[in-house]
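**Q** First the structure, which I've put down as structure tokens, then a few questions once you've had a look.
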Amino acid sequence: MDLKLGDFVRFVDENIEGYITRIIDKDTIGVTDSNDFEIPVLASKVTLVHGDVHDNDIVNNKPNVVTPQAEFKKDGVYLALVADQHSSSVAHFHLVNETSYQLLASLTTEKQDTFKGEFAGTVSPNSTKKIYSAQLGDIQIWPKFRLEILTSTTANVEPKAPIVFHKSIKGKDLSVAKEEIALLKQKGWVIKLEEPEAIIDAEKLKASFFK
């Protein structure tokens with residue numbers, strides 16, 4: 001069976017299911033369950049679950065819902081950093097998707113020339129996905145993020161250019177006030193991932209040519 005990162009699987013011998021978040025070796029994988037625990041398991045001890053999966057609910061043969069182009073929202077992808085509801089010393093990074101696109105995202109962390117795949121999967125339209133957690137007190141030694149995002153839709157809409165975020169997050173990034181994050185129903189820090197489109201002033205451009 002050809003298993004890959006992001007596949008949704010069910011354990012053969014136990015009532016556990018989740019996403020493959022790590023390929024440990026040719027025989028062993030790491031599966032993260034609904035409680036965000038990563039469990040190492042032999043690849044031969046899981047079975048692939050077919051069908052679309054949203055919020056851990058399996059829906060087989062679900063028809064594609066096409067958003068009318070007039071209602072299609074193209075912008076609204078960002079990284080949200082919120083404190084754990086049970087421990088303020090723990091920070092969770094959520095990829096927030098307020099658009100009508102489905103996101104295909106990959107997060108790799110880099111620290112002292114050591115790379116680690118942290119997340120690979122999809123984020124449905126108008127939803128969020130937790131992709132990383134860290135201790136707030138260790139912010140000065142957090143790894144560099146290498147986050148890459150593609151957009152996909154069944155609607156007749158041109159995909160966005162790939163979003164690439166290669167950056168180390170420092171204390172100054174969290175020096176601004178927290179914002180209300182509607183999809184998370186919680187306040188947190190917002191890190192914008194989309195570059196604003198350049199607005200060209202035709203008159204100024206024409207004047208520059210004459211100069």
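**Q** Could you check region 71-114 and list, in sequence order, the residues that are over 15 Å from the mean Cα position of the chain (by Cα), among the hydrophobic types (A, V, I, L, M, F, W, C) and in a strand (DSSP E or B)?
**A** Passing the criteria: Ala83, Val90, Ala91.
**Q** Can I ask one more? For region 12-27, name all the residues that are exposed (fewer than 15 other Cβ atoms within 10 Å of the Cβ) and either among the small types (Gly, Ala, Ser) or modelled with pLDDT of 90 or more (or both).
**A** Val12
**Q** Among (1) hydrophobic (A, V, I, L, M, F, W, C); (2) at pLDDT below 90; (3) closer than 19 Å to Thr128 by Cα, there is one condition Phe72 misses while meeting the rest; what is its number?
**A** Of (1) hydrophobic (A, V, I, L, M, F, W, C); (2) at pLDDT below 90; (3) closer than 19 Å to Thr128 by Cα, only one is false for Phe72: (2).
**Q** Looking only at region 140-168, count every residue that is free of Cβ contacts under 8 Å to residues at least 40 places away in the same chain and not in a strand (DSSP E or B) and tell me the total.
**A** So the count comes out to 8.
**Q** Next question. Would you please name the residue that is modelled with the highest pLDDT, looking only at residues in region 86-126 that are within 19 Å of Gly137 (Cα to Cα) and of a type in the set (Val, Ile, Thr)?
**A** Applying the filter and picking the extreme gives Thr109.
**Q** Quick one: count up the residues across region 149-185 that are within 27 Å of Phe72 (Cβ to Cβ) and either of a type outside the set (Lys, Arg) or under 17 Å from the mean Cα position of the chain (by Cα) (or both).
**A** Narrowing region 149-185 to residues within 27 Å of Phe72 (Cβ to Cβ): 149-165, 179-185.
Filter again for either of a type outside the set (Lys, Arg) or under 17 Å from the mean Cα position of the chain (by Cα) (or both), leaving 149-165, 179-184.
Matching residues across region 149-185 total 23.
**Q** Of the residues Val9, Val53, only one is modelled with pLDDT under 80, surrounded by 11 or more Cβ atoms within 10 Å (Cβ to Cβ) and part of a strand (DSSP E or B); which?
**A** On the way: Val9 fails: modelled with pLDDT under 80.
Checking each option against the conditions leaves just Val53.
The values are calculated or read from the model by the stated rules, or taken from the named source; none is laboratory data. Since the model is a prediction, treat every value here as computed from it, not as a measurement. Because the Cβ atoms are built from the backbone with ideal geometry, glycine has one as well, and the counts that use them run over all protein chains shown.
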